[in-house]
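Everything below concerns the one structure shown next.
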Amino acid sequence: MPYTPATTPEAARRVACTGAGVIGGGWVAHFLARGYDVTAWDPAGDAEEKLRRLVAAAWPVLEQLGLADGASPDRLTVAPTLAEAVADADFVQESAPEKLELKRSLLAELDAATPPGVVIASSTSGYPMTEMQTAAADPSRLVVGHPFNPPYLIPLVEVVGGTRTDPAAVAWASRFYGLAGKSVITMDRELPGFIANRLQEALWREALHMVANGEATVADIDASITEGPGLRWAFMGPCLTFALAGGEGGMAHMLDHFGPSLKSPWTRLEAPELDRALRDAMVNGCATAAGNRTYTDLVTERDQGIINILRATNRLPQSAPRQP
Ligand SMILES: NC(=O)c1ccc[n+]([C@@H]2O[C@H](COP(=O)([O-])OP(=O)(O)OC[C@H]3O[C@@H](n4cnc5c(N)ncnc54)[C@H](O)[C@@H]3O)[C@@H](O)[C@H]2O)c1
C-alpha cells in the first residue's frame, strides 16, 4: 500500500507520544520545547505524575537552549486511552518497552487508531522495522526514529524504514524531525543497532570485558573516555580524528602505519557472559563512581554538560524554528 501523507511536515502541529518513560518523556519535553502540542499516553498508573516531573526537570535547560515561540509545558495533554492520544495526531512517536512482541502488537494497534497518512515512528534501540511491522494493516507508514537519551538535548535521530515501509514515509519523517530541531541520519537499509548503537555496543562490550576480568574499574573506564577520546568525539567523529593521527599524511599514513596493529588481539568483540558477578561489579562500580550524587544530580550534571558542549561548539539552536 503506497503512503499518502495526511499533511506536510511543515504543517504538522500535534505529536502523540505513546509510552512516556525515560525516552517517551524525553520526546515529550523535546516536542513541547519546539512549540508543538503534545498528547501522551502510557498505561502505567503513575505515568502522568512521572512524565510531568520529567518535563518540569528538563524545562530550565530547555529554556537555556531557547524555546520555540509559544512553547509551553501547558501544551501537554495526557490522554486516558491510546485511541484518544492519536486521534488528532499529525505524527506519532512510539517509545514503549523494548520487547519485540509488544512492539508488534502496539504498532498494529497504533496503526488501527491513527488517522490515515500519519507517520508512526518507533524509538526502538535496535529492532528492524521489518520485524516490527508484520501485524500492522498499513505498514507503509511505519518507520524507526531512533533517538538518544535525553532526546530533548542530544540532536541525533536515526531514521530507517522496513521492507514494507514506503520510502516516502521515511522521507516525511526525516523532514519532520529536521523541522523539529533534530540532526537526522536517514538510512537506506536496516542494520542491527543502526549506526550509533552498533558503534556504542563495540565500546560497551570491551568495557564489560575489562570489568569482568578486573582489568579496569568502572571509574577508570569512564575517565578514559571523558578525559580522552570523548573530548574529540563531541565535535569530530572517530574517522576524521584518526585521519589527523596520521599527521599531514592523513588517513593513508594512519592506515599504513597502524594498519598492521588492527590485527593485534586488543579487542574481545564477543560479548562477555553477563553473569551475576559481572552484573554486580558493574552496579557496584557505578555506585562508587556516582559517589554521593543522586540520580537527579547526575541528570542535571549530564544535561548541563551537554548544553555547555553544544554552546562551546556553537550548536545551540540559532532561533526558534517554528511557530505553531
Ligand atoms: N533508555 C535509552 O537510553 C534509550 C535510547 C534510545 C531508544 N530507547 C528505546 O526507547 C523505548 C523506550 O525505552 P525507555 O528507556 O524509555 O523505557 P522505560 O521503561 O523508561 O519506558 C517505557 C514506558 O512504556 C510504558 N509502557 C508499557 N507498556 C506499554 C504499552 N503497551 N504501550 C505503551 N507504553 C507502554 C511503560 O509504562 C513505561 O513508562 C525502547 O524501545 C528503547 O529501546 C531507549
Exercise. Would you pick out the residues in segment 19-41 that are touching a Gly at 6+ places or on another chain (Cβ under 6 Å) and on the phi < 0 side of the Ramachandran plot?
Worked result: 34
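Table: residues versus (1) without any contact (Cβ under 8 Å) to a residue 40 or more places away in the chain; (2) surrounded by 12 or more Cβ atoms within 10 Å (Cβ to Cβ); (3) touching a helix residue (DSSP H, G or I) at 6+ places or on another chain (Cβ under 8 Å); (4) within 30 Å of residue 282 (Cβ to Cβ).
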position: 154; (1), (2), (3), (4): no, yes, yes, yes
position: 211; (1), (2), (3), (4): no, yes, yes, yes
position: 242; (1), (2), (3), (4): yes, yes, yes, yes
position: 261; (1), (2), (3), (4): yes, no, no, yes
Exercise. Could we say that residue 202 is modelled with pLDDT of 95 or more, assigned to a helix (DSSP H, G or I), surrounded by fewer than 24 Cβ atoms within 10 Å (Cβ to Cβ) and out of contact with any Lys or Arg (no Cβ under 8 Å at 6 or more places or on another chain) here?
Worked result: no
For this session: Of the conditions (1) in a loop (DSSP other than H, G, I, E, B); (2) of a type in the set (A, V, I, L, M); (3) more than 15 Å from the ligand (Cβ to nearest atom), residue 44 clears all except one; give me its number.
Result: (3)
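Could you list, in sequence order, the residues of segment 148-186 that are within 16 Å of the ligand (Cβ to nearest atom), out of contact with any Phe, Trp or Tyr (no Cβ under 7 Å at 6 or more places or on another chain) and either of a type in the set (A, V, I, L, M) or assigned to a helix (DSSP H, G or I) (or both)?
Keep residues of segment 148-186 that are within 16 Å of the ligand (Cβ to nearest atom), which gives 148-160, 162, 173, 177, 182-185.
Subsequent filtering for residues that are out of contact with any Phe, Trp or Tyr (no Cβ under 7 Å at 6 or more places or on another chain) retains 148-150, 152-153, 155, 162, 173, 177, 182-183, 185.
Within segment 148-186, 153, 173, 177, 185 qualify.
Just give me the residues in segment 104-122 being surrounded by fewer than 23 Cβ atoms within 10 Å (Cβ to Cβ) and out of contact with any Asp or Glu (no Cβ under 6 Å at 6 or more places or on another chain), in sequence order. Talk me through it step by step, then tell me what you get.
At the first step, the residues of segment 104-122 found to be surrounded by fewer than 23 Cβ atoms within 10 Å (Cβ to Cβ) are 104-106, 108-109, 111-113, 115-117.
104, 105, 106, 108, 109, 112, 113, 115, 116, 117 - these are the residues of segment 104-122 that are surrounded by fewer than 23 Cβ atoms within 10 Å (Cβ to Cβ) and out of contact with any Asp or Glu (no Cβ under 6 Å at 6 or more places or on another chain).
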For this session: Could you pull out every one of the strands (runs of 3 or more DSSP E) wholly within segment 63-147 that has 2 or more residues that are of a type outside the set (Lys, Arg) and within 17 Å of the chain's Cα centre (by Cα)?
Result: 91-94, 119-122, 142-146
Exercise. Of the residues that sit in segment 84-99 and are surrounded by fewer than 24 Cβ atoms within 10 Å (Cβ to Cβ) and more than 10 Å from the ligand (Cβ to nearest atom), which one is nearest to residue 29 (Cα to Cα)?
Worked result: 90
Exercise. Which is β-branched (Val, Ile, Thr), part of a helix (DSSP H, G or I) and in contact with a helix residue (DSSP H, G or I) (Cβ under 6 Å, 6 or more places away or on another chain), of 221, 225?
Worked result: 221
For this session: For residue 86, indicate whether it is in contact with a Lys or Arg (Cβ under 6 Å, 6 or more places away or on another chain) and at pLDDT 95 or above.
Result: no
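Each row is one residue, and each column tells you yes or no for (1) touching a strand residue (DSSP E or B) at 6+ places or on another chain (Cβ under 8 Å); (2) closer than 30 Å to residue 128 by Cα; (3) in contact (Cβ under 8 Å) with a residue 40 or more places away in the chain.
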{"site": "173", "(1), (2), (3)": "yes, yes, yes"}
{"site": "189", "(1), (2), (3)": "yes, yes, no"}
{"site": "201", "(1), (2), (3)": "no, yes, no"}
{"site": "206", "(1), (2), (3)": "no, yes, yes"}
Problem set entry | Failed item in (1) part of a loop (DSSP other than H, G, I, E, B); (2) away from the ligand (no atom under 16 Å from the Cβ), with residue 194 passing the rest | (2)
Exercise. Just for segment 1-22: of the residues that are surrounded by fewer than 23 Cβ atoms within 10 Å (Cβ to Cβ) and within 16 Å of the ligand (Cβ to nearest atom), which one is farthest from residue 41 (Cα to Cα)?
Worked result: 22
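The values are calculated or read from the model by the stated rules, or taken from the named source; none is laboratory data. Remember, it's a predicted structure, so these values are computed and weren't measured experimentally. Virtual Cβ from ideal backbone geometry, glycine too; neighbours counted across all protein chains shown.
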